[in-house]
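Enquirer: Before we start, here is the structure in question, set down as structure tokens.
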């Protein structure tokens, strides 16, 4: 099992007690994907089977059906987001508590080698990113994949050749996005590390501002901060 899958499995273990909310939220996202996928089909039927042949009653019926599906889709969107955010906040709460306890258990040597800003960044910024991952990115991934499947199904029923062209395009886009993500990830990690360094310098300077002013070393601290900021 790759390191990423191990980390994901460990992260999902923090959903204990709220797995039902998380799974239900994902199920609702699947329903939302389906309702979004059939709206273009309903519009096509309203045009081809109603407006084009003068059957305006049929067009009105499909228009009302589209409106009902849109309202239902809005309800799915709200409830799915609510359940996923609730589960994500619960998971991050326990993760943040475990991270703080782990920091408390370290010896003094650890704090001599580690920037305090890095620790603050891990407990605040990184856990907030995990919240967004569980409540937004997972939701959008499931939504996008299932929406593509539903769309390809209805497209294949209309024209198999054009569906094949669309599938090739989707494959190329996914490959480009994957390549881009692999190249950007190291840069993102460096930025995250340097952000922690700047937070550490800022925290130490603000906490010891009286000592800094008493020793008149404001310019040295300013130079240190400027150097780290330039690095970022």
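The values are calculated or read from the model by the stated rules, or taken from the named source; none is laboratory data. Values in this document were obtained by computation on a predicted structure and should not be read as measured data. A quick note on method: Cβ atoms are made from the backbone with ideal geometry, for glycine too, and the neighbour counts reach across all protein chains shown.
Enquirer: Can you tell me which condition residue 130 does not meet? The list is (1) surrounded by fewer than 11 Cβ atoms within 10 Å (Cβ to Cβ); (2) at pLDDT below 85, and all the others hold.
Expert: (1)
Enquirer: Let me ask you something else. Which one of the conditions (1) modelled with pLDDT of 85 or more; (2) surrounded by 11 or more Cβ atoms within 10 Å (Cβ to Cβ) does residue 166 fail to meet, given that it meets all the rest?
Expert: (1)
Enquirer: Can you pull out the helices (runs of 4 or more DSSP H) entirely within segment 1-105 that have at least 2 residues that are touching a helix residue (DSSP H, G or I) at 6+ places or on another chain (Cβ under 8 Å) and more than 21 Å from residue 128 (Cβ to Cβ)?
Expert: Hits in segment 1-105: 19-46, 56-105.
Enquirer: Evaluate segment 193-206: report whether one residue or more is at pLDDT below 75, surrounded by fewer than 11 Cβ atoms within 10 Å (Cβ to Cβ) and within 17 Å of residue 121 (Cα to Cα).
Expert: Yes: segment 193-206 contains one or more residues that are at pLDDT below 75, surrounded by fewer than 11 Cβ atoms within 10 Å (Cβ to Cβ) and within 17 Å of residue 121 (Cα to Cα).
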